[in-house]
Amino acid sequence: MIEFGLAKKLDNNTIQANVKDYDKKFIVQKSDGSTLYITRDIAALCERKKKYNFNKIVYVVDSSQREHFLKLYKIAKLLDHKILGNLSFEQFFVPFGRITNMSTRKGKVEFLNDLITEAKLVAHESMQFSKTKRELENADHVAQTIGNSHLVITDLAKPRLKDYEFSWKNIIAKDDSAYMCHYAHARLFSLIKKCQRELNLEPQIETIDLDLLNKQSELTLIQHLARFEEAIWQAYHDYEPYHVVHYLFQLVKLTNICLKENYVLNECENVAMARLLLYSCSKQVIQNAFNILGIEALDSI
């Protein structure tokens, strides 16, 4: 940095950065020769560029670290424009908000494992009081999956920069919850298996009359299914996973409405096949959304 005119040695042997278009002065090396976070981050960024020759690098960090990464960004640009290329600061630094009240019901959390264990316990208790409660062979696995999903969905459903207070309440809520997304997927899985087993229905798009899907709720669901790639692109472009979560919530609502109004069982075969294909697509997209969010889709609940 001294060689490039980006830093100078002071009388007390400390090295101070001198960055163009950045008014605040800061130290990159102490008088005893030891380094600071910013020094090590500069070295790490240069090493990663040399080792991986990346086209793009993104730092996903707490929003309070903005000033630190602004220093890093400006220094990297001045050291060698090839390190970051045309990457803007907004593309380089992707901040997120803070979570408060992130604790077990017994007190303060120190490890992620505490939260994961608590998630399973809370989900287990909530399932026991649920009106849809029934005996499950893999109840522990279901409870753990629902608990973990609650942690993920609660976080990713919020805009990235928004601070929020975490709560264990409504872990199996009927609206906009991980539980209801799992419930919808399990319901569709059961319906499809039942139709295959009892009615020998195996919908193939080449042999189905799609014009039979003409009810308003069916058309609305089809339109929403067609927007899945748009939601993925929006999440990628904005660095905002909540686009996928909100898409998933709406998909579950529209699927439930469609299931309530448009039956498969006890319908003529052509209509049943068309609707079963639609519900198969809905189930697949729910599973795809879960996969993107890092969540295991449950087939029974």
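The values are calculated or read from the model by the stated rules, or taken from the named source; none is laboratory data. As the structure is a computational prediction, the values presented were derived from the model and not from experiment. Cβ sites come from the backbone with ideal geometry, for glycine too, and all protein chains shown count toward neighbours. Accessible surface is based on the protein model in full, side chains and every heavy atom, while ligands, DNA and RNA are left aside. Shrake-Rupley method; radii C 1.70, N 1.55, O 1.52, S 1.80 Å.
Among the residues making up the stretch 174-186, those that are open to solvent by 20 Å² or more (accessible area, probe 1.4 Å) and either assigned to a loop (DSSP other than H, G, I, E, B) or farther than 13 Å from LYS253 by Cα (or both) are LYS174, ASP175, ASP176.
Table: residues versus (1) acidic (Asp, Glu); (2) open to solvent by less than 100 Å² (accessible area, probe 1.4 Å); (3) at pLDDT 90 or above.
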residue: ASN18; (1), (2), (3): no, yes, no
residue: ASP23; (1), (2), (3): yes, no, no
residue: PHE26; (1), (2), (3): no, yes, no
residue: SER34; (1), (2), (3): no, yes, yes
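Within the stretch 90-103, the only residue that satisfies the criterion of being open to solvent by less than 30 Å² (accessible area, probe 1.4 Å), out of contact with any Lys or Arg (no Cβ under 7 Å at 6 or more places or on another chain) and at pLDDT below 95 is SER103.
Checking the stretch 64-79 against the condition returns no match, with no residue being modelled with pLDDT under 95, surrounded by fewer than 15 Cβ atoms within 10 Å (Cβ to Cβ) and not in a helix (DSSP H, G or I).
Going by what's in this entry, would GLU296 be described as part of a loop (DSSP other than H, G, I, E, B) and of a type in the set (D, E, K, R)? Break it down stepwise before answering.
Values: part of a loop (DSSP other than H, G, I, E, B): yes; of a type in the set (D, E, K, R): yes.
Spelling it out, GLU296 is indeed part of a loop (DSSP other than H, G, I, E, B) and of a type in the set (D, E, K, R).
Listed conditions (1) at pLDDT 95 or above; (2) in a loop (DSSP other than H, G, I, E, B); (3) aliphatic (A, V, I, L, M) are all met by ILE301, apart from (1).
Restricting the stretch 231-266 to residues that are part of a loop (DSSP other than H, G, I, E, B) and open to solvent by 60 Å² or more (accessible area, probe 1.4 Å) leaves a set whose member that is nearest to LEU213 (Cα to Cα) is TYR263.
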